[in-house]
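Engineer: Pasting a structure below so you can have a look.
The values are calculated or read from the model by the stated rules, or taken from the named source; none is laboratory data. In this text, all values refer to a predicted model and were calculated from it rather than measured experimentally. Here the Cβ positions follow ideal geometry from the backbone for every residue, glycine too, while neighbour counts run over all protein chains shown. In case anyone asks, the SASA skips ligands and DNA or RNA and just uses the protein heavy atoms, side chains included. Shrake-Rupley method; radii C 1.70, N 1.55, O 1.52, S 1.80 Å.
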Amino acid sequence: MYDFFNIFGSALGYLLWYFYELVRNYGVAIILFTVVTKILLFPFSVKQQISMAANSKIASKQKELQKKYAKDRERLQIETQKLYEKEGINPASGCLTMIVPLVIMMGLYYTVLYPLINALHVSGTAANAATDMLKLIPGIGQTLGTRYGQIEIVKHFADLKPYLTMFSADELARIQDFSHGFSFLGLNLLDTPSDPANIFGTLFRSNLWVIPVLCFVSSLVTQFFTMKLQPGMQQQQGCMKGMFYIMPLFTAWIACSMPAAVGFYWIISTITGFLQTVILNIWYSPADLSARAEARRVALRELEEANMKPVAIAAGNRQNDDDRQKKTGKPRK
């Protein structure tokens, strides 16, 4: 998984670096990055909206099955699966749109965790040599952690520059430029809000506590209003239903223990995701989607009936009439 997210983080780093070069601020670059990824993921969101509308449509039928087979869980699962197949619904189809943002967040984490190789794309050999060198610097290395070695180099570039002889002049210039762009609204996005080993004991050591708190609050609030806009979400099953309750706490925990840039990304992603939901509710409202699905179902049923060939039945009926005429002597009507 490390290799996957690191490669993914390197790919995302090109887009982040482009936006950083454009605005010269990492926080603003993350906002632009989030908006662009939301646009790219819009088709997945449309699919999720369709899935929610479909689940809302069969909600009453699901309740009937639950009452009918309340004492037979196995039969309930079988009949529920038959209902899904009859209506052409995949109950887990909306899970992908919940998972994809999380994968992007992990990719962004690796972009932030390894800014030298994934954002600046400097030599990996030089970057590794620089992080190994940190603990050997007298009077400096002892005060720096090696867990986020590349972040420490960017944060303390002014003090470490004389020791960074493994980088070329061009790479040093890019690192120096990058080191000035992580302050956003008074927050240093390279810092970590708390110590992962003692989250509650160190959470309020700086004003970065606002990042995990906003992660938690924004997730809960947007979830609440999204469920108001899309009542079908209340009928979701499996991973969808569970993630609605687990995700706010999970993202807050991540925001506590990772560089603030990761939590900041999740806040912006949550807010823009809610705005996207509002737009989807206008263009692809559950009522309209249900009406379209019903119209397609009726049209398909009419087409199937039109394609039916009653020839064999008609021939059989004609033979029966002929036999009846021979027995009774009455002419066929």
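Engineer: Ranked by accessible surface with a 1.4 Å probe, highest first, in what order do LEU275, LEU208 come?
Structural biologist: Numbers: LEU275 100, LEU208 5 Å².
So, going from the largest accessible area down, we get LEU275, LEU208.
Engineer: Just to make sure I understand: if all protein chains stay in place, what is the order of LYS155, LYS38, LYS47, LYS86 by accessible area at 1.4 Å, largest first? All intermediate terms of the calculation are to be shown ahead of the outcome.
Structural biologist: Numbers: LYS155 70, LYS38 40, LYS47 115, LYS86 165 Å².
So the residues, ranked largest to smallest area, are LYS86, LYS47, LYS155, LYS38.
Engineer: How much FRET efficiency would the formula 1/(1 + (r/R0)^6) give for ASP72 and ILE279, where r is the Cβ-Cβ distance and R0 is 41 Å, rounded to 0.05?
Structural biologist: On the way: r = 43 Å, r/R0 = 1.05.
FRET efficiency, ASP72 to ILE279: 0.45.
Engineer: Quote to one decimal, in nm, the extra length available between PHE42 and LEU249 on full extension: 0.36 nm per residue of separation minus the C-alpha distance between them.
Structural biologist: Full extension of this stretch gives 72.0 nm more.
Engineer: Contour minus end-to-end for ALA306 and TRP209, with contour as 0.36 nm per residue of separation and end-to-end as the Cα-Cα distance? Before the final figure, lay out the partial values.
Structural biologist: Numbers: separation 97, 0.36 × 97 = 34.92 nm, distance 6.57 nm.
Gain in length upon complete extension: 28.4 nm.
Engineer: Cβ under 11 Å from GLU21's Cβ, GLU21 left aside: what net charge do those residues give with Lys, Arg +1 and Asp, Glu -1? Write down the numbers at each step before the final one.
Structural biologist: On the way: positive: ARG24, ARG174; negative: ASP177.
Here the count lands on +1.
Engineer: Using θ = phi - 60° and the Karplus form 6.51 cos²θ - 1.76 cosθ + 1.60, what ³J(HN,Hα) does each residue of region 70-81 get, whole Hz, x for Gly and Pro?
Structural biologist: Working through the residues one at a time gives 4, 9, 10, 5, 5, 5, 4, 4, 5, 5, 5, 5 Hz.
Engineer: List, in order, the whole-Hz ³J(HN,Hα) value for each residue of region 153-165 obtained from phi through the Karplus relation with A = 6.51, B = -1.76, C = 1.60 and θ = phi - 60°; use x for Gly and Pro.
Structural biologist: With the stated coefficients, region 153-165 comes to 5, 5, 5, 10, 4, 4, 7, 8, 3, x, 9, 8, 6 Hz.
Engineer: If HIS121, HIS180 are ordered by their accessible area, calculated over protein heavy atoms with a 1.4 Å probe, which sequence runs from highest to lowest? Spell out each step's value before the answer.
Structural biologist: Values: HIS121 50, HIS180 140 Å².
Most to least solvent-accessible, the answer reads HIS180, HIS121.
Engineer: Let me ask something else about it. Between region 165-222 and region 20-43, what is the separation of their alpha carbon centroids in Å?
Structural biologist: Cα centroid of region 165-222 versus Cα centroid of region 20-43: 17 Å apart.
Engineer: Between ALA158 and PHE4, what's the calculated FRET efficiency when r is the beta-carbon distance and R0 is 41 Å? Round to 0.05. Walk me through the numbers before you get to the answer.
Structural biologist: Numbers: r = 34 Å, r/R0 = 0.84.
After rounding to 0.05, the efficiency reads 0.75.
Engineer: Give the accessible area for TYR14 in Å² (nearest 10); use a 1.4 Å probe, count only protein heavy atoms, and leave out ligands, DNA and RNA.
Structural biologist: 140 Å²
Engineer: Also: Between TYR18 and VAL100, what length in nm is gained on full extension when 0.36 nm per residue of separation is reduced by their alpha carbon distance?
Structural biologist: Numbers: separation 82, 0.36 × 82 = 29.52 nm, distance 2.21 nm.
Gain in length upon complete extension: 27.3 nm.
Engineer: For region 30-37, just list the computed ³J(HN,Hα) in residue order, Karplus coefficients 6.51, -1.76 and 1.60, θ = phi - 60°, integers in Hz, with x standing in for Gly and Pro.
Structural biologist: Values per residue, Gly and Pro as x: 5, 4, 5, 4, 5, 4, 5, 5 Hz.
Engineer: Quantify, in whole percent, the carbon and sulfur part of the accessible surface of region 150-211 (1.4 Å probe; protein heavy atoms only).
Structural biologist: Details: 1790 of 3220 Å².
Carbon-and-sulfur percentage of accessible area, whole number: 56.
Engineer: Here's a follow-up. As a quick test, which of the pairs LYS68/LYS228; LYS38/LYS86; LYS135/LYS161; LYS47/LYS86 have an alpha carbon distance above 22 angstrom in this structure?
Structural biologist: Numbers: LYS68/LYS228 29 Å; LYS38/LYS86 33 Å; LYS135/LYS161 15 Å; LYS47/LYS86 19 Å.
Listed pairs above 22 Å: LYS68/LYS228; LYS38/LYS86.
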